[in-house]
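One structure below.
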Amino acid sequence: MPIVPRPPAETAAPLLLIVGPTASGKSALGLEVAERLDGEIVSADAFAVYRGMDIGTDTPSREARARIPHHMLDIADPGERVTAGDFAHAAAAAIADIRRRGRVPIVVGGTNFWIRALLVGLFPVPPADPTLRARLRNEWVENQDAVVARLRAVDPESADRIAPRDRHRVLRALEVFELTGRPLSAHLAAHRPRLRYRPLLQAPERDRSDLYARIDLRVDSMFDAGFVGEVERLLEQAVPPDAHALKAIGYREVVSFLRGHQGLDQAIDSTKRSSRAYARRQLMWLRTMREARVDWVPPAERSGAEVIIRAWARHIEGTATT
């Protein structure tokens, strides 16, 4: 069963979040809203945290960052790995600092798992066991289907929830089971966290054809802007080809192209298809989100910022009277 968080404590502060699928126009909305609310933006993008990955992650431009302070961008080397827990801790600190300075923090991003970690935290699980993890990885290489079947036998709920090709999550679910003797789904069911904020989630709404056209245009613009060169520079800086950062959509396709596994046109087409599939998953997540209701608003070019500002005024007024 999905986890339904408990309501926030009475003292929890309101928090504005602008979320949505890739290429939906979150950044434009966030920038306009931040300017009008005297706010600062806290990015919730799992790959914009890495330095040197500006083109492929569509990191806000220098001009945008000069207009409005942005946090959680370019904070790690791409050879490292920033986890959801790392993000939640650092983002919470940034939000508190913005508030102390009398400004409005606005979380903007599409990495939904990170947003969940910020809002409710992560449930406690045993630390990774390097020996066990290495054994499970070897088993995955030898027979991926057998590993997925084993997860289904010991934890059918997690097997239904996790994509069969998602090696990291499949192996982590098995690791938790072997370390604790209880399925991951049982740990999740026993953990009902409390919301840390009083969130207001706003998402730009676009019809599917418009969203897909914007995704395709963004991908073409990335490659025209020198995306291949960006990936080449990362590899020249000794970032391993299998680094977590280079598993991001687009980066993995360009790495494949540079290693001669596919042509450039194929890499571009694959990036578009993967981006559209990712957008569908983001939309599904947001439409079934249990932490808080997501309100769908017009994009920036159709006065979406005005809608968000009015909603925020009502939200903080309601918070003040509870």
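If I go through the stretch 230-261 residue by residue, how many of them are under 22 Å from A23 (Cβ atoms) and more than 24 Å from the chain's Cα centre (by Cα)?
1
Pairs needed: first member in the stretch 71-98, touching a residue at least 60 places away in the same chain (Cβ under 8 Å); second member anywhere, surrounded by fewer than 16 Cβ atoms within 10 Å (Cβ to Cβ); C-beta distance under 7 Å; at least 6 residues apart or different chains.
G79/P240
For the stretch 242-255, how many residues are crowded, with 16+ Cβ neighbours inside 10 Å and either of a type in the set (G, A, S) or part of a loop (DSSP other than H, G, I, E, B) (or both)?
The qualifying residues number 5.
Does G52 meet the test of being closer than 19 Å to R252 by Cα and more than 17 Å from the chain's Cα centre (by Cα)?
Yes, satisfied.
If we scan the stretch 110-118, do we find a residue that is of a type in the set (F, W, Y), within 17 Å of A48 (Cβ to Cβ) and in contact with a helix residue (DSSP H, G or I) (Cβ under 8 Å, 6 or more places away or on another chain)?
Yes; the residues of the stretch 110-118 include at least one that is of a type in the set (F, W, Y), within 17 Å of A48 (Cβ to Cβ) and in contact with a helix residue (DSSP H, G or I) (Cβ under 8 Å, 6 or more places away or on another chain).
(1) among the small types (G, A, S); (2) exposed (fewer than 13 other Cβ atoms within 10 Å of the Cβ); (3) in contact with an Asp or Glu (Cβ under 9 Å, 6 or more places away or on another chain): which one isn't true of A238, the others all being true?
Only one criterion in (1) among the small types (G, A, S); (2) exposed (fewer than 13 other Cβ atoms within 10 Å of the Cβ); (3) in contact with an Asp or Glu (Cβ under 9 Å, 6 or more places away or on another chain) is unmet by A238, namely (3).
Tell me, which helices (runs of 4 or more DSSP H) wholly within the stretch 1-109 include 1 or more residues that are touching a strand residue (DSSP E or B) at 6+ places or on another chain (Cβ under 6 Å)?
26-37, 84-100
Name the single residue that is modelled with the lowest pLDDT among those in the stretch 284-299 being surrounded by fewer than 17 Cβ atoms within 10 Å (Cβ to Cβ) and out of contact with any strand residue (DSSP E or B) (no Cβ under 6 Å at 6 or more places or on another chain).
Out of the qualifying residues, it is R290.
Taking Y212 as the residue in question, decide whether it is assigned by TED's automatic domain parsing to the domain that holds A88, crowded, with 20+ Cβ neighbours inside 10 Å and among the hydroxyl-bearing types (S, T, Y).
no
Among R276, R310, R302, R314, which is farther than 30 Å from R6 by Cα, without any contact (Cβ under 8 Å) to a residue 40 or more places away in the chain and among the charged types (D, E, K, R)?
R302
Does any residue of the stretch 226-235 turn out to be free of Cβ contacts under 8 Å to residues at least 60 places away in the same chain and in contact with a Gly (Cβ under 8 Å, 6 or more places away or on another chain)?
no
Okay, residues lined up against (1) of a type outside the set (S, T, Y); (2) crowded, with 23+ Cβ neighbours inside 10 Å; (3) at pLDDT below 95:
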site	(1), (2), (3)
A9	yes, no, yes
Y50	no, yes, no
G56	yes, yes, no
P69	yes, no, no
D74	yes, no, no
R81	yes, no, yes
A92	yes, no, no
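Would it be correct to say that E232 is in the same structural domain as D54 (by TED's automatic domain parsing) and closer than 21 Å to Y50 by Cα?
Taking the combined requirement at face value, the residue satisfies it.
Any idea how many residues of the stretch 265-322 are in a loop (DSSP other than H, G, I, E, B) and under 30 Å from G226 (Cβ atoms)?
Count: 1.
If I filter the stretch 121-140 for residues that are touching a Leu at 6+ places or on another chain (Cβ under 9 Å), closer than 29 Å to A292 by Cβ, touching a residue at least 24 places away in the same chain (Cβ under 8 Å) and among the hydrophobic types (A, V, I, L, M, F, W, C), do I get at least one hit?
Looking through the stretch 121-140, at least one residue is touching a Leu at 6+ places or on another chain (Cβ under 9 Å), closer than 29 Å to A292 by Cβ, touching a residue at least 24 places away in the same chain (Cβ under 8 Å) and among the hydrophobic types (A, V, I, L, M, F, W, C).
The values are calculated or read from the model by the stated rules, or taken from the named source; none is laboratory data. Quick caveat, the model's predicted, so the values are computed rather than measured. Neighbour counts are summed over all protein chains in view; Cβ atoms, including those assigned to glycine, are modelled from backbone coordinates with ideal geometry.
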